[in-house]
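Report on the following structure.
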Amino acid sequence: MSSSYLPATTDSIAQALEAKAPAEAISILYRVIENPSSSSEALRIKEQAITNLSDLLRQENRAEDLRNLLTQLRPFFNLIPKAKTAKIVRGIIDTVAKIPDTSDLQISLCKEMVQWTRAEKRTFLRQRVEARLASLLMENKEYSEALNLLSGLIKEVRRLDDKLLLVDIDLLESKLHFSLRNLPKAKASLTAARTAANAIYVPPAQQGTIDLQSGILHAEEKDYKTAYSYFFEAFEAFNALEDPRAVFSLKYMLLCKIMVNQADDVAGIISSKAGLQYVGPELDAMKAVADAYSKRSLKLFESALRDFKAQLEEDPIVHRHLSSLYDTLLEQNLCRLIEPFSRVEIAHIADLIELPVDHVEKKLSQMILDKKFAGTLDQGAGCLVIFDDPKTDAIYPATLETISNIGKVVDSLYVRSAKIMA
């Protein structure tokens, strides 16, 4: 990077665009930014140079240089309006986010910017950078620090009545509580976000995010039909914007169909006009699960989990619901297999269901404790003993009913005798 600056003119920008090597273009843009001129035209050209330089540094994966650029631009920020400063700072932070494996750098960059905005009393920008920092901390699984940051920020933003930022923060808080498995607080934060969103115009992407979170919370409560409708709304919003989150909304729609025992509808949704746009590993994974569920095949189910590990097991929302689906499927298969027997070897059941013996034994003991069937495990002989369903004796409830009726008669007679005595 040369120490001599270049004039802040459109010719300098054009010179950078015409440069053959990215390093040369970066050097030219740095020299334009270093120009001490503070005329309105020079400031406008410098803003253009900053945008171009950010894009070039991102293409070269030079995240540390982007961080240094923000520090270098601080004197320039004093010359331009606060709104433009906020736009540039947030733009550079977004640019750093596009470079892979920079989560720690983004967190430290946001912390630096929060300190600077506090010192410069730039409240509007600080609140937005803090919200971004909380989001990054959540992605990094630093939940307690993110919650502490949000609790103070929510109070401050509510006092200022900045509804759009409030929607963002409430939504983020809902995601945080959901990650911590605190469903009541997650629902309360989502309700607060909806209330704030109803008072203002919310961009479609933001509305889609609210619907997606609503669907996730309803699915967690096993209300899959309502969850499906929310996921569908989110999918329509993201699909119109060509947002990459559209495929996840579609994936969760398919999950809801499987969970409400409508796995046969999955193939139809995937082959629809909207579904064909997103054909790929995410939808292939759900199709494999739907096929396994339709055939009631545990072997196909486990094969799908193994083949699409990244799409199924590494997605916490899908994984949580599929584990309960797997348990249901396993219980149904075991009940069907043990039905003809009164005594059977556990190894024989394991062979029939094509699962390890210890895994089958553990599940059978759990089912006995949950009273899914009456029986006991004879571990010495390695057998399962199934008892006949105990028939309830009708005499006990009849006796209780008779005693209850006698009690009512005695009470009635006592009331009448008390009236006569009076």
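Quick notes on this one:
- Summed over the residues of segment 217-296 and divided among them, the accessible surface reaches 47 Å² per residue at a probe radius of 1.4 Å.
- Tensor-based shape of segment 5-89 (alpha-carbon gyration tensor, a/c under 1.5 rounded, otherwise prolate or oblate): oblate
- For Gly375, the amide hydrogen comes within under 5 Å of the amide hydrogens of Phe387, counting only partners 5 or more places away or on other chains and with H modelled in the peptide plane.
- Overall form of segment 95-175 per C-alpha gyration tensor (a/c, 1.5; a/b vs b/c): oblate
- The chain - percent relative contact order, Cα under 8 Å, separation 6 or more: 5
- Accessible-area order (highest first, 1.4 angstrom probe) of the listed residues Lys363, Lys273, Lys225, Lys84: Lys273, Lys225, Lys84, Lys363
- Entry note, the chain: the mean residue ellipticity at 222 nm calculated from DSSP H runs of n ≥ 4, each adding -39500 (n - 2.57), is -24000 deg cm²/dmol after division by the residues and rounding to the nearest 500.
- Amide H within-cut-off set for Cys383, under 5 Å, with H built and near neighbours excluded: Ile346, Asp378
- Ranking of His218, His177, His348 by solvent-accessible surface, largest first: His348, His218, His177 (1.4 Å probe, protein heavy atoms only, all chains present).
- Accessible area (Å², 1.4 Å probe, nearest 10) - Glu24: 90
- Here the Karplus curve 6.51 cos²θ - 1.76 cosθ + 1.60, taken at θ = phi - 60°, turns the phi angles of segment 375-382 into couplings of x, 8, 9, 8, 6, x, 8, x Hz, with x standing for Gly and Pro.
- Share of carbon and sulfur in the accessible heavy-atom surface of segment 207-314 [1.4 Å probe, %]: 50
- Taking Cα atoms only, the orientation of helix 298-307 departs from the longest principal axis of the chain by about 10 degrees.
- Per atom type, segment 22-156 shows carbon and sulfur on 48% of its accessible surface, probed at 1.4 Å.
- Across the accessible surface of segment 317-422, with the other protein chains kept in place and a 1.4 Å probe, carbon and sulfur atoms take up 59 percent.
- The alpha-carbon of Lys46 sits under 30 angstrom from the alpha-carbons of these lysines, leaving out residues fewer than 8 places away in its chain: Lys20, Lys82, Lys84, Lys87, Lys98, Lys111, Lys121.
- Within a Gaussian network of the chain (alpha carbon springs, distance under 10 Å), most fluctuating of Leu149, Leu400, Leu369: Leu400
- Karplus-based coupling profile of segment 122-135, in residue order and whole Hz: 9, 4, 4, 5, 4, 4, 6, 5, 5, 5, 5, 4, 4, 5, with θ = phi - 60° in 6.51 cos²θ - 1.76 cosθ + 1.60 and x standing for Gly or Pro.
- For segment 91-250, the Cα gyration tensor yields ellipsoid semi-axes of 26, 18, 16 Å (square root of five times each eigenvalue, largest first, whole Å).
- Angle of helix 163-179 to the longest C-alpha principal axis of the chain, folded into 0 to 90 degrees and rounded to 10: 50°.
- Set of lysines near Lys251 by C-alpha distance (under 16 Å), chain-local residues within fewer than 8 positions excluded: Lys225, Lys273, Lys287, Lys309
- Heavy-atom SASA rank of Asp161, Asp265, Asp11 (probe 1.4 Å, accessible area, largest first): Asp11, Asp161, Asp265
- Helix 224-241 axis, angle to the chain major axis (alpha carbon atoms, nearest 10°): 20
- For Lys371, the lysines whose Cα comes closer than 21 Å to its Cα, not counting residues fewer than 8 places off in the same chain, are Lys362, Lys363, Lys391.
The values are calculated or read from the model by the stated rules, or taken from the named source; none is laboratory data. Predicted model only: the values in this text are computed from it and were never measured. Heavy atoms of the whole protein, side chains included, go into the accessibility calculation; ligands, DNA and RNA do not. Shrake-Rupley method; radii C 1.70, N 1.55, O 1.52, S 1.80 Å.
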